[in-house]
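Colleague: Quick one: the structure is below, questions incoming.
The values are calculated or read from the model by the stated rules, or taken from the named source; none is laboratory data. All values derive from a computational prediction rather than experimental measurement. Here the Cβ is made from the backbone with ideal geometry for all residues, glycine too, and neighbour counts use every protein chain on show.
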Amino acid sequence: MSTLIAAVLFIGVIAYALFGGADYGAGFWDLTAGGPARGSHTRELIDLSLSPVWEANHTWLIFCLVTIWTGFPQAFTAITTTLYIPLGLAALGIVARGAAFAFRHALTQSRGEQISGVAFACSSVLTPFVFGTIAGGIASGRVPLAGHGDALSSWVNPTSALGGVLAVTVCAYLAAVFLTGQAQRRRDTSLERAFRYRAFGSGTVAGLVAFVGVFVLHADSPRLFHQLSTAGAPLLVVSGLCGLAALLLLRRGRPAVVRTLAAVAIATVVAGWGVAQYPYLLGTHLTIRQAAAPAASLWVLFAVSCVAAVLIAPSLLLLYRLQLRRKLG
């Protein structure tokens, strides 16, 4: 049961990486769109794409937090008492991002709109970066069993830096792929071409970061490197092939196929991390079984997760489907 709940937790992590990642990545392209005049066309497409779904994407984050809090309270305590700085920065980024995105639609003065736009874009880069550093700190074993680990070195280290940079580049790639399809559906040839180039560029950068990351992990996190190169290797190969195929098909104008390949590429690389971690939840000192709550709590959590899947997942899928079909904006 503890392994099953861990799998449920990681399904939530993958879902947030996909849907929240595309959300954050759109903010990255908002940041790099240029000045008010040059970037207005790009920002209009981003606003139309994000407005119906950006709040719903945080459902996955809430699900992950509740699951780890309830199912693995010891790990939750260790993580929150050690990585409280990046967790606080992530919370600040989420709040600032949401407020800025709402305010820039309400403010009519150009100055206020620009300030809120900058806040939205910067927090869209900060948040996935610190989430990546948190993942790196957990995966590299820098969160002690009793918690209250070093407040800086736990997330300011080579593996965490790799996780942060990789998270930003992957989010940018995923968003560019999605926005290419959105521009194509709106028959905007210039934006479609622009985001196709951005997807190709960010996907290439993400691949280079992942390649460099091999050497970083070998030096800084040897166990994680070993597990990724053995147990997680098949998933990483699938990720690389799907990512490459998505880039090659960008010119063919098949947004549904490219979007699916890009999503599989991201999902498998995150799943590879999960496989490499198994059977540990924290480094090599706390296994999933040791960290698990009592069996009764796990059964209740599993039942609630099943009910949530039946009630919430179809609603979210319908929301995403309507958005892709341009029924909401």
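Colleague: Return yes when Val214 is without any contact (Cβ under 8 Å) to a residue 24 or more places away in the chain and part of a loop (DSSP other than H, G, I, E, B) and no when it is not. Reasoning before the result, please.
Modeller: Values: without any contact (Cβ under 8 Å) to a residue 24 or more places away in the chain: yes; part of a loop (DSSP other than H, G, I, E, B): no.
No; evaluated as a whole, the condition is false for this residue.
Rundown of residues vs (1) in contact (Cβ under 8 Å) with a residue 60 or more places away in the chain; (2) touching a Gly at 6+ places or on another chain (Cβ under 7 Å), yes/no style:
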| residue | (1), (2) |
| --- | --- |
| Leu191 | yes, no |
| Leu208 | no, no |
| His218 | no, no |
| His226 | no, no |
| Thr230 | no, no |
| Leu236 | no, yes |
| Ala245 | no, no |
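Colleague: Let me ask something else. May I ask you to list pairs of residues, at least six apart or on different chains, whose Cβ atoms are under 9 Å apart, with the first in segment 33-47 being within 17 Å of Ala172 (Cα to Cα) and the second being among the aliphatic types (A, V, I, L, M) and in a loop (DSSP other than H, G, I, E, B)?
Modeller: Filtered contacts from segment 33-47: Gly39/Ala33; Thr42/Ala33; Arg43/Ala33; Ile46/Ala33.
Colleague: Quick check on this structure: which one of Arg223, Arg198, Arg187 is modelled with pLDDT under 90 and either farther than 16 Å from Ile266 by Cα or outside any helix (DSSP H, G or I) (or both)?
Modeller: Unique residue meeting the criteria: Arg187.
Colleague: Another question, if that's okay. Go through the residues of segment 77-93 one by one and say whether even a single one is in contact with an Asp or Glu (Cβ under 7 Å, 6 or more places away or on another chain), more than 24 Å from Ala271 (Cβ to Cβ) and without any contact (Cβ under 8 Å) to a residue 24 or more places away in the chain.
Modeller: For segment 77-93, residues in contact with an Asp or Glu (Cβ under 7 Å, 6 or more places away or on another chain), more than 24 Å from Ala271 (Cβ to Cβ) and without any contact (Cβ under 8 Å) to a residue 24 or more places away in the chain: absent.
Colleague: Would you point out which residue out of Thr268, Thr284 is under 28 Å from Gly141 (Cβ atoms), part of a loop (DSSP other than H, G, I, E, B) and in contact (Cβ under 8 Å) with a residue 12 or more places away in the chain?
Modeller: On the way: Thr268 fails: part of a loop (DSSP other than H, G, I, E, B).
None of the other options fit; the residue is Thr284.
Colleague: Here are some residues: Leu107, Leu89. Which one is at pLDDT 95 or above and either over 25 Å from Ala139 (Cβ atoms) or crowded, with 17+ Cβ neighbours inside 10 Å (or both)?
Modeller: The match here is Leu89.
Colleague: Can you find a residue that is over 21 Å from the mean Cα position of the chain (by Cα), surrounded by fewer than 24 Cβ atoms within 10 Å (Cβ to Cβ), closer than 29 Å to Leu50 by Cβ and among the basic types (Lys, Arg) anywhere in segment 96-104?
Modeller: Among the residues of segment 96-104, at least one is over 21 Å from the mean Cα position of the chain (by Cα), surrounded by fewer than 24 Cβ atoms within 10 Å (Cβ to Cβ), closer than 29 Å to Leu50 by Cβ and among the basic types (Lys, Arg), which makes the answer yes.
Colleague: Do you know which of the residues in segment 16-54 that are in a helix (DSSP H, G or I) and among the polar types (S, T, N, Q) is surrounded by the most Cβ atoms within 10 Å (Cβ to Cβ)?
Modeller: For segment 16-54, the residue satisfying everything is Ser49.
Colleague: Criterion first (among the hydroxyl-bearing types (Ser, Thr, Tyr), surrounded by fewer than 22 Cβ atoms within 10 Å (Cβ to Cβ) and either in contact with a Phe, Trp or Tyr (Cβ under 7 Å, 6 or more places away or on another chain) or at pLDDT below 95 (or both)) does Thr80 satisfy it?
Modeller: Working: among the hydroxyl-bearing types (Ser, Thr, Tyr): yes; surrounded by fewer than 22 Cβ atoms within 10 Å (Cβ to Cβ): yes; either in contact with a Phe, Trp or Tyr (Cβ under 7 Å, 6 or more places away or on another chain) or at pLDDT below 95 (or both): no.
Considered against the rule, which asks whether it is among the hydroxyl-bearing types (Ser, Thr, Tyr), surrounded by fewer than 22 Cβ atoms within 10 Å (Cβ to Cβ) and either in contact with a Phe, Trp or Tyr (Cβ under 7 Å, 6 or more places away or on another chain) or at pLDDT below 95 (or both), Thr80 comes out as no.
Colleague: Please determine, by comparing only the residues of segment 136-157 that are out of contact with any Ser or Thr (no Cβ under 8 Å at 6 or more places or on another chain) and touching a residue at least 12 places away in the same chain (Cβ under 8 Å), which one is surrounded by the most Cβ atoms within 10 Å (Cβ to Cβ). Show your work before the answer.
Modeller: Step one: of segment 136-157, the residues out of contact with any Ser or Thr (no Cβ under 8 Å at 6 or more places or on another chain) are 138, 145-146, 152-153.
Restricting the remaining residues to those that are touching a residue at least 12 places away in the same chain (Cβ under 8 Å) gives 138, 145-146, 152.
Values: Ile138: 26, Leu145: 14, Ala146: 12, Leu152: 9.
Only one residue tops the list, namely Ile138.
Colleague: Is segment 238-253 home to any residue that is among the polar types (S, T, N, Q), part of a helix (DSSP H, G or I) and under 25 Å from Val13 (Cβ atoms)? Even if it seems obvious, please write down each step before you answer.
Modeller: To start, the set of residues in segment 238-253 that are among the polar types (S, T, N, Q) comprises 239.
Then keep just the ones that are part of a helix (DSSP H, G or I); that gives 239.
Filter once more, keeping what is under 25 Å from Val13 (Cβ atoms): 239.
Checking segment 238-253: at least one residue is among the polar types (S, T, N, Q), part of a helix (DSSP H, G or I) and under 25 Å from Val13 (Cβ atoms).
Colleague: Another one. Suppose we filter Trp69, Trp60 for residues that are among the aromatic types (Phe, Trp, Tyr), surrounded by fewer than 22 Cβ atoms within 10 Å (Cβ to Cβ) and within 19 Å of Leu281 (Cα to Cα); which single one remains?
Modeller: Going through Trp69, Trp60 in turn, the sole match is Trp69.
Colleague: OK, next. Collect the residues in segment 183-239 that are of a type in the set (Phe, Trp, Tyr), closer than 18 Å to Ala256 by Cα and surrounded by 16 or more Cβ atoms within 10 Å (Cβ to Cβ), keeping them in residue-number order.
Modeller: Selection gives Phe195, Phe200.
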